[in-house]
Amino acid sequence: LRDGGPLGLAGVALLLMATGTGARPRPAAPGDQPRSNVVLVACDSLDGRLTFLPGNQTVDLPSINFMKRHGTVFLNAYTNSPICCPSRAAMWSGLFSHITESWNNFKGLDPDYVTWMDLMEKHGYHTQKFGKLDFTSGHHSVSNRVEAWTRDVNFLLRQEGRPMVKLTGHRKQFRVMEKDWQNTDKAVNWIKEEAVNFTQPFILYLGLNLPHPYPSPYAGENFGSSTFLTSPYWLEKVNYDAVKIPKWSSLSEMHPVDYYSSYTKNCTGEFTKEEVRNIRAFYYAMCAETDAMLGEIISALRDTGLLGKTIVIFTADHGELAMEHRQFYKMSMYEGSSHVPLLVMGPGLREQQQIPNVVSLVDIYPTMLDIARIPVPQNLSGYSLIPLLREKAESEVSPRGARPSWVLSEFHGCNVNSSVYMLRTGKWKYITYSDGSSVLPQLFDLTADPDELTDLAIKFPVTVHSLDKILRSIVNYPKVSSSVHEYNKQQFINWKQSLGQNYSSVIANLRWHQDWLKDQKKYENAIDKWL
């Protein structure tokens, strides 16, 4: 911190040039140099499109811009499941969600699962974690899990408070998300007091909750998180003129799964343009605060002379729709929700590079092992990013052969009344549901239609068939959907039986209580019919 505020990354850049520590060594053969330190900063809900044009025109993100100048930005990086726990389970396991059966925020990895950090520690790395992890089973609210389990029930209930904004503090208040700042402080102190003295390499993980929306207690008991909160300090970093008002389909024209999502997220009511613009602007301001925490980590590495010896990675578990497609939150395959930031800089890696290849969070696991020179298991879903970062022929590094030209994302949790699968390859995004036939698929040409407003599935049946064939070669998705359906039902039965006579009062007072209590018997009967 300098003068009571985060040190600007422009200042860091000048300091680096002055000291010469900004210069990166030329790419070297892996065995020629000591193994690099690694710092991974993973935030929650940052739309990856904000890291390059035109999205980066909306808000000032100096730390991300610094990483772009001194490293690489991936232009097409995706989550493997657009919700917190399953996405993080993919990142920490290197495996797709259907392989680890990370179905929802309650069902992730086992607590003793061997992650890339465990392997790095075993191979001589000092390891440290601060902040949000959220990749193991058993967490999140009862509401969250019951909403996921009952998504096949024939009812529609609002599960969130209406999205809103809230301004707090004053024009000099930059520490809004205090818990994140405290974890950032811990990471900075660890770098300055411990990591600087190590003779062996280290891996540091910092998990941030921002720019995830804040809880909304105004919605009553068991509220969700639908408040976009920031201070004037961060709101001034937003270019209001560049904040786009997204186009919406009419409610009657929405895809049926989108309508369910919009309704359960409490977004089917009327919103003025000013409301939508404010929600988006406040979200971008929250992204600016996130960026400043990344800047503190980079500054600490620079101050200790470790920056030139450390690979820094910045990413997120998923994005945030911020009222695109008449939704907020994630749980969607649209770009705002599924496209994540991924920036990497460090010794031996190319600078000022933009990589168009499609990549995803399962690639983090083999990348970490590659950095640590640990043999990469052959059964991983992901592929190391190092060949792309060094511009080496992939076959030189990976005995598995070339990286595939597609990425897979899937979703099985709450606010969506179907399992969803997304294949992204070339200009196409193919989205299919459930068994592949009971719900209409979607097809978008992201080159011609980056806002995903024109579904081409009916117009291009041959393309749909071709992409569906590729998807089925990766995952037997009708079988997976069936397994999730059975899992949800059994989990709900177990939960219901555990409550005994308290069942009716407990289920009535979950996040959907405002709608449920209007016709309690109707909704209980719908569940009985489903069971």
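Some observations on this one:
- Long-range HN-HN contacts of Ser360 with modeled amide H, under 5 Å: Tyr78
- Derived scalar couplings between HN and Hα for the range 233-248 equal 4, 7, 5, 5, 7, 8, 8, 4, 5, 8, 6, 7, 8, x, 7, 10 Hz in order, rounded to whole Hz, by the Karplus curve 6.51 cos²θ - 1.76 cosθ + 1.60 (θ = phi - 60°), x for Gly and Pro.
- Solvent exposure of the chain amounts to 39 Å² per residue of accessible area, where only protein heavy atoms count and the probe is 1.4 Å.
- For the range 252-386: rounded, prolate or oblate by the Cα gyration tensor [a/c cutoff 1.5]: oblate
- Degrees, to the nearest 10: 477-499 long Cα axis against longest axis of the chain: 70 degrees
- Remark on the range 52-193: ratio of C-alpha radius of gyration to 2.2 N^0.38 Å is 1.32.
- Calculated FRET efficiency, Ala402 to Gln33, Cβ-Cβ distance, R0 = 45 Å: about 0.95 to the nearest 0.05.
- Cα shape, the range 156-207, gyration tensor, a/c 1.5 rule: oblate
- Each DSSP beta bridge with both residues in the chain is either parallel or antiparallel, and the antiparallel ones are about 50%.
- Note on the range 318-441: along the principal axes its Cα atoms extend 45, 29, 25 Å, ordered by decreasing extent.
- Sorted on the mean count of surrounding Cβ atoms within 10 Å across their residues, most packed first, peptides 381-388, 53-60 read 381-388, 53-60.
- Debye, to nearest 20: dipole size of the chain, +1 on Lys, Arg Cβ, -1 on Asp, Glu Cβ: 300 debye
- Whole-percent pair-distance distribution, where bins are 20 Å wide, for the alpha carbons of the chain: 23, 57, 20, 1
- For the range 257-324, alpha-carbon Rg relative to the globular expectation (2.2 N^0.38 Å, N residues): 1.67
- Along its three principal directions, the equivalent ellipsoid of the range 189-272 from the Cα gyration tensor extends over semi-axes of 40, 18, 16 Å, largest first.
- Once the chain from Lys244 to Val114 is taken as fully extended at 0.36 nm per residue, the excess over their C-alpha distance is 42.5 nm.
- Estimated Rh, the range 402-459: Kirkwood, alpha-carbon pairs, angstrom: 12.3 Å
- Mean Cα-pair separation over length for the range 343-454, i.e. relative contact order, pairs under 8 Å, 6 or more apart, %: 15 percent
- Most to least accessible of His170, His318, His126 (protein chains only, probe 1.4 Å): His170, His126, His318
- Positive-end extreme of charge dipole, the chain - chosen from Val38, Thr304, Pro211 (charges on Cβ): Thr304
- The chain: relative contact order in percent, alpha carbon pairs under 8 Å with at least 6 residues between: 25 percent
- The range 476-503 residues near the modelled Asn525 label - backbone nitrogen below 16 Å, point 7 Å along Cα→Cβ: none
- Area of Asp519 that stays accessible when all protein chains are in place (1.4 Å probe, Å², to 10): 70 Å²
- Shape class for the range 33-118: oblate, because the ratio a/c of the largest to smallest gyration tensor axis (alpha-carbon atoms, square roots of eigenvalues) is 1.5 or more and b/c is at least a/b.
- Test item: Cα-centred dipole of the range 475-531, Lys/Arg +1 and Asp/Glu -1 on Cβ, debye: 40 debye
- Nitroxide proxy distance, nm - points 7 Å out along Cα→Cβ at Asp185 and Lys273: 4.4 nm
- Estimated FRET transfer efficiency when R0 is 45 angstrom, pair Gln352-Asp449 (beta carbons, to 0.05): 0.95
- Candidate residues Leu133, Leu307: accessible-area rank, largest first, probe 1.4 Å: Leu133, Leu307
- 3J(HN,Hα) couplings calculated from phi for the range 371-381 with the Karplus curve 6.51 cos²θ - 1.76 cosθ + 1.60 (θ = phi - 60°) are, in sequence order, 4, 7, 6, 9, x, 8, x, 7, 8, 5, 7 Hz; Gly and Pro show x.
- Placing +1 on the Cβ of every Lys and Arg and -1 on the Cβ of every Asp and Glu, with no other charges, gives the range 132-206 a dipole of roughly 440 debye about its Cα centre.
- Compared with the dominant principal axis of the Cα atoms in the chain, helix 520-530 is inclined by about 80°.
- Around the amide H of Val39, modelled in the peptide plane, lie the amide H atoms of Leu204, Ile311, Val312, Ile313, all under 5 Å away and 5 or more residues distant in sequence or on another chain.
- For the chain, the carbon plus sulfur part of the accessible surface works out to 51%, probe radius 1.4 Å.
- Shown in residue order for the range 47-54 are the 3J(HN,Hα) couplings computed by the Karplus curve 6.51 cos²θ - 1.76 cosθ + 1.60 at θ = phi - 60°: 5, x, 6, 6, 8, 7, 5, x Hz (x for Gly and Pro).
- For the range 461-531: span of alpha carbons on each principal axis (Å, largest first): 51, 25, 21
The values are calculated or read from the model by the stated rules, or taken from the named source; none is laboratory data. Here the structure is a predicted model, which is why all the values come from computation and not from measurement. As a convention, Cβ positions derive from the backbone with ideal geometry for all residues, glycine included, and neighbour counts pool all protein chains shown. Heads up: the accessible areas ignore ligands, DNA and RNA and are worked out on the full protein's heavy atoms, side chains in. Shrake-Rupley method; radii C 1.70, N 1.55, O 1.52, S 1.80 Å.
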